[in-house]
1. Looking at this structure, is Phe153 open to solvent by 50 Å² or more (accessible area, probe 1.4 Å), part of a strand (DSSP E or B) and modelled with pLDDT of 90 or more?
2. Here are some residues: Asn145, Asn107. Which one is open to solvent by 40 Å² or more (accessible area, probe 1.4 Å), farther than 20 Å from Pro31 by Cα and more than 16 Å from the chain's Cα centre (by Cα)?
3. List the number of the failed condition for Phe117; all other conditions in (1) of a type outside the set (Lys, Arg); (2) in contact with a strand residue (DSSP E or B) (Cβ under 7 Å, 6 or more places away or on another chain); (3) more than 15 Å from Pro146 (Cα to Cα); (4) open to solvent by 10 Å² or more (accessible area, probe 1.4 Å) hold.
4. Which pairs have Cβ atoms under 7 Å, sit 6 or more apart or on different chains, and link a residue in the stretch 132-145 that is assigned to a strand (DSSP E or B) to one that is among the β-branched types (Val, Ile, Thr)?
Amino acid sequence: MLRILLIHCLALAIGMQASAADLIVPSKDYPTIQSAIAVANGGDHVVVLPGTYFELINFQGKAITVRSSSGPGVTTIHGGGLGPVVQCVSGEGPGSVLQGFTITGGNASSGGGMYNFNSSPTVTNCDFINNSATFGGGLHNNNSNPNVTGCRFIDNHAVANPPFQCGGGGGM
């Protein structure tokens, strides 16, 4: 009887999983998107309220969803020309989701708007506007295979970089 009870308790413990959290940005606890990503656990949702967020974000290998609450028309992540606006460079897979943003102001050697390295995130309903890089002004994939759907690429630029004098993929 004790053995059956222990097996039943173990089955209950295994079946009990923590539910995903919604981390709201901006809030007292999470003033920036990156501050919410830093504490997020797999399956969590970083929900970003309308506004313009001047920051660069990195998914840090986490299978989380980073989404705007109201879509790309009112929610922008602006990189300020300081690098790729969004990075997935730690083996992120399809469970790493970017959804519903305008991504702008990125400037980097690779992937001004978004840079993926050895990663295959999911990117939906995003507008990549006015980003620049030597390779992939809007989005650059290095050994990556993201699932990109419902996105627009507008006025992104790939810029020649001496001594190579080559660039590639203004949009992607």
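The values are calculated or read from the model by the stated rules, or taken from the named source; none is laboratory data. On a predicted model such as this, the values are computed, not experimentally measured, just so you know. Cβ coordinates were reconstructed from backbone atoms using ideal geometry, including for glycine residues, and neighbour counts include every protein chain displayed. Ligands, DNA and RNA are stripped out before the accessible areas are found, and what is left, the full protein with its side chains, is counted by its heavy atoms. Shrake-Rupley method; radii C 1.70, N 1.55, O 1.52, S 1.80 Å.
1. Working: open to solvent by 50 Å² or more (accessible area, probe 1.4 Å): yes; part of a strand (DSSP E or B): yes; modelled with pLDDT of 90 or more: yes.
Criteria met by Phe153.
2. Working: Asn145 fails: more than 16 Å from the chain's Cα centre (by Cα).
After applying the criteria, what remains is Asn107.
3. (3)
4. From the stretch 132-145, the pairs are Ser132/Val159; Thr134/Val159.
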